[in-house]
Amino acid sequence: MTLKRPRRKGIFKKRYLLGLSLLGYLLFAHSCMTMRSSTKETAHYFKSEGMVYIDSTVHINNRDIHYIQTGKKDGPTLVLIHGSPGAWSAWEAYMSEERFLENYRIIAPDRPGFGFSNFRKSLNLSDQASLLNNFLKGLSNGKPVTLVGHSYGGPLIAKMALDHPSGYDNLVILAGVLDPGVEKKEGWRKPLTWFPLKYMVPGALKPSNDELWMLKQDLMDLQPQLRHLKQRVVIIHGTDDQLVPYSNVAFMEREFVNAASLEVTTLENERHFIVWERESLVKEKILELLQSNE
């Protein structure tokens with residue numbers, strides 16, 4: 001009997017170490033890859049730019065929407081919606097752009113599940129649109145509103161405009177994923193939405209995985225509504241986009257038949273991250289659209 005005791009101790013030790021390792025990984029998963037700026041980092045950025053800004057959170061329907069606001073409080077509004085994963089900080093260079101700041105109010109929220117908007121608690125496309133519409137209604141200043149969406153933000157702003165057509169004047173879709181026909185149903189994502197595996201997915205990748213798993217069905221539900229889109233639409237997309245195929249552009253051209261106007265800018269040999277890699281061009285196109293409203 002005495003010969004077996006060390007073995008039990010060895011087994012217990014291994015289990016103990018395994019438990020500690022698992023706990024350590026879970027702490028790591030929740031703390032790393034948040035893709036968000038702390039309050040201190042945000043303050044440092046805007047101070048270095050010599051800018052006044054608003055850093056606030058609105059509580060709506062038992063959810064929080066955190067956002068940053070810059071620019072002219074009583075000016076037409078430019079709303080910047082990030083992709084997946086992401087946070088408001090994806091738009092830092094746009095929120096500090098002097099040509100925007102002089103005449104426009106700029107609002108960049110953390111989408112539901114990201115940043116400081118109930119981090120890691122995801123929602124489908126329709127629920128996100130409803131929440132963001134209510135959020136923007138509460139901030140309305142009675143001036144025209146332009147929605148800009150990158151990647152996942154593309155179908156999201158389309159859904160927002162369809163659900164609240166009188167609330168928005170223009171849409172700018174940057175590398176937007178709208179076509180359900182080319183959106184892959186990646187089966188490996190589903191198990192990562194289950195307990196306990198979902199707790200193993202690090203940081204902002206967890207809500208990103210959740211919403212991307214739901215996206216194909218969300219786009220199928222959205223497609224019949226797209227013909228009712230009435231706003232002016234600008235599309236900017238790179239031909240070498242490996243994450244969101246350029247064929248999405250042809251799909252949007254077919255579906256946006258009742259848009260007030262439709263302008264497409266094709267960027268040859270450009271990839272998915274045109275928000276940053278073609279920042280100057282994107283800013284120019286947004287500014288042209290804003291100024292055409294005046």
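Residues in region 183-208 that are over 28 Å from Ser37 (Cβ atoms) and out of contact with any helix residue (DSSP H, G or I) (no Cβ under 7 Å at 6 or more places or on another chain): Lys184, Glu186, Gly187, Trp188, Trp194, Phe195, Pro196. Does Gly176 fit the bill of being small (Gly, Ala, Ser) and either on the phi < 0 side of the Ramachandran plot or touching a Lys or Arg at 6+ places or on another chain (Cβ under 6 Å) (or both)? So Gly176 passes the test. If the condition is being among the polar types (S, T, N, Q) and within 23 Å of Leu289 (Cα to Cα), then region 90-124 contributes Ser96, Asn103.
Pairing residues of region 199-217 that are within 15 Å of Leu156 (Cβ to Cβ) with residues that are of a type in the set (Ser, Thr, Tyr) and in a helix (DSSP H, G or I), at Cβ distances under 6 Å and at least 6 apart in sequence or on separate chains, gives Asp210/Thr193.
Selection of region 247-294 for residues being modelled with pLDDT under 95 and charged (D, E, K, R) yields only Glu294. Considering region 209-294, the qualifying helices (runs of 4 or more DSSP H), each wholly inside and each with 2 or more residues that are surrounded by fewer than 21 Cβ atoms within 10 Å (Cβ to Cβ) and among the hydrophobic types (A, V, I, L, M, F, W, C), run over 247-255, 279-292. With respect to (1) over 25 Å from Pro112 (Cβ atoms); (2) among the charged types (D, E, K, R); (3) not in a helix (DSSP H, G or I), the lone exception for Lys185 is condition (1). The one condition from (1) part of a loop (DSSP other than H, G, I, E, B); (2) hydroxyl-bearing (Ser, Thr, Tyr); (3) surrounded by 23 or more Cβ atoms within 10 Å (Cβ to Cβ) that Ser140 does not meet is (3). For region 131-148, the criterion of being touching a residue at least 24 places away in the same chain (Cβ under 8 Å), in contact with a helix residue (DSSP H, G or I) (Cβ under 7 Å, 6 or more places away or on another chain) and of a type in the set (Gly, Ala, Ser) is met by no residue. Anything in region 45-60 that is part of a strand (DSSP E or B) and aliphatic (A, V, I, L, M)? List them, or say none. Ile54, Val58, Ile60 - these are the residues of region 45-60 that are part of a strand (DSSP E or B) and aliphatic (A, V, I, L, M). Within region 160-208, take every residue that is of a type in the set (Asp, Glu) and at pLDDT 90 or above and give me the one that is surrounded by the fewest Cβ atoms within 10 Å (Cβ to Cβ). Result: Asp163.
Looking at Ser122, Ser126, Ser117, just one residue is surrounded by fewer than 23 Cβ atoms within 10 Å (Cβ to Cβ) and not in a strand (DSSP E or B), and that residue is Ser126.
Yes/no matrix, rows are residues, columns are (1) crowded, with 16+ Cβ neighbours inside 10 Å; (2) over 28 Å from Leu215 (Cβ atoms); (3) charged (D, E, K, R):
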| residue | (1), (2), (3) |
| --- | --- |
| Tyr45 | yes, yes, no |
| Gly50 | no, yes, no |
| His59 | no, no, no |
| Ser84 | yes, no, no |
| Glu98 | no, yes, yes |
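Across region 178-206, the number of residues qualifying as touching a Pro at 6+ places or on another chain (Cβ under 7 Å) and either under 14 Å from Pro85 (Cα atoms) or among the charged types (D, E, K, R) (or both) comes to 2.
The values are calculated or read from the model by the stated rules, or taken from the named source; none is laboratory data. Note that the coordinates shown come from a computational prediction; the quantities given were computed from them, not determined experimentally. Cβ: placed from backbone, ideal geometry, glycine included. Neighbour counts: every protein chain shown.
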